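In what follows, a single structure is set out as structure tokens and then discussed.
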Amino acid sequence: MLDYVARVEDKEERELVALETEDGVLRKGRDEVDEIIEEWKPDFERKSKGRSNQTRHAVHLVLSAKAELSARNVARTVAAARRVLEKHVGEAGYPYALGVHQDGKNPHVHAVIKTVSREKDVPKLRLTPARLLEMRKSLAEELTREGLEHVASRMPRREKTRRANMKGEAPNTLQKVEAVLKKLRKEQRQFERALGRKEPKVNTIQFRQQQGKALDTLRAQAKDDTALTGKDRQEAFNLIRGFRREIEKKGVNPEFEMKATVNHFQSRIADWKKELGKDMAIAHTVGRKPSLKALKKGEALQRDIHQFIGSDLRQQDIPVETKKAIYAQLRKEFLEIKKTNERWMGRER
């Protein structure tokens, strides 16, 4: 499901879709989607012997608005969907990831929700008809709040419904801010340790972009939470602002971080070539093409390098000559990877 939403296995080769997890961090591409899967995997159950049906580890929902497909309406739909997911699954500790597809008639958000909560006393997620109706009603309210008139697609049933799988008091946004900042501090320490190694291999641009996005999302959630008191909202803002200042005080060495990012790409390129070389040797022996996994890794690497040299590199505060040298170095690798991908995917003209 995550692969479908992120389009990392898209046969039509449409543009990759970034996934936003419940903590506001963006993940894009094969490797980063695999990171989400690895984070969720410890709670996945194996299918029991004699059991005919497969254990459901995650559920897939589509939250849409009956509105014109425009950038503004997409942003409104995402904001509404984010609040609905946080209220109905995030507060109970269920991890989730959302992604936006913009190739339909209306704005719509795909959400993949892990069925096992982080909270030990919360049971496995089951989206009953009553609960789905409750979510649809919440979505209608949130879309209306965003200026998009909308109604729930089904009338409420006469019998009373209860919020399933919700035990105990749900954490408020202030508590979530504290929890996410704790996680971001841990990631910051890991980032700094990685940079402190000899010849560090870290995609510093990606790390800082994701960190900034997580903080922006966190602030937006605190701003939109009407249940927060003015005092708690201000405290949440102060905590986020304080974390930003911590990062600013540490400073940034643009040239050093750029070197670490280039090392990251060179390491990925070397690993891919090694893996592809082994796979090609086996493929030659048995008379087949290289495995789809190796080819998909090559395509993901090609896209990431293209994004870096085509956009991210230009925005960095480093000497022009350094930019030119990095561009020339990675563009050569990019063209070689592209040629290999086209040849083995049968698209060479």
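The values are calculated or read from the model by the stated rules, or taken from the named source; none is laboratory data. On a predicted model such as this, the values are computed, not experimentally measured, just so you know. Every residue, glycine among them, receives a Cβ derived from its backbone with ideal geometry; neighbour counts consider all protein chains shown.
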- [ ] For residue 279, work out the one condition from (1) assigned to a helix (DSSP H, G or I); (2) under 29 Å from residue 204 (Cα atoms); (3) touching a residue at least 12 places away in the same chain (Cβ under 8 Å) it doesn't fulfil.
- [x] (2)
Task: When residues of segment 311-349 are limited to those that are outside any helix (DSSP H, G or I) and in contact with an Asp or Glu (Cβ under 6 Å, 6 or more places away or on another chain), the one modelled with the lowest pLDDT - done: 348
TODO: Taking residue 150 as the residue in question, decide whether it is outside the structural domain of residue 73 (by TED's automatic domain parsing) and modelled with pLDDT under 85.
DONE: yes
- [ ] Take the residues in segment 270-305 that are more than 14 Å from residue 339 (Cα to Cα) and of a type in the set (S, T, N, Q), then tell me which one is surrounded by the fewest Cβ atoms within 10 Å (Cβ to Cβ).
- [x] 285
Open item on the list: Report every pair of residues separated by at least 6 positions or lying on different chains whose Cβ atoms are under 7 Å apart, first residue within segment 205-218 and under 18 Å from residue 252 (Cα atoms) and assigned by TED's automatic domain parsing to the domain that holds residue 24, second in a helix (DSSP H, G or I) and at pLDDT 85 or above.
Closed with: none
TODO: Would you check which residues across segment 280-305 are modelled with pLDDT under 90 and hydrophobic (A, V, I, L, M, F, W, C) and list them?
DONE: 280, 281, 282, 283, 286, 292, 294, 295, 300, 301
- [ ] Output the number of residues of segment 229-268 satisfying the condition of being outside any helix (DSSP H, G or I) and farther than 22 Å from residue 196 by Cβ.
- [x] 1
Task: One residue from 265, 243, 308 being surrounded by 13 or more Cβ atoms within 10 Å (Cβ to Cβ), assigned by TED's automatic domain parsing to the domain that holds residue 185 and either within 27 Å of residue 31 (Cβ to Cβ) or at pLDDT 90 or above (or both) - done: 243
Open item on the list: Kindly evaluate residue 237 against the criterion of being at pLDDT 90 or above and within 24 Å of the chain's Cα centre (by Cα).
Closed with: yes
Open item on the list: Just to verify a result, which residue in segment 311-320, among those that are surrounded by fewer than 18 Cβ atoms within 10 Å (Cβ to Cβ) and aliphatic (A, V, I, L, M), is farthest from residue 31 (Cα to Cα)?
Closed with: 320
- [ ] State which residue is nearest to residue 127 (Cα to Cα) when the search covers only segment 73-107 and only residues that are modelled with pLDDT of 85 or more and among the basic types (Lys, Arg).
- [x] 87
TODO: Can you give me the number of residues within segment 190-228 that are over 20 Å from residue 247 (Cα atoms), among the polar types (S, T, N, Q) and assigned to a helix (DSSP H, G or I)?
DONE: 1
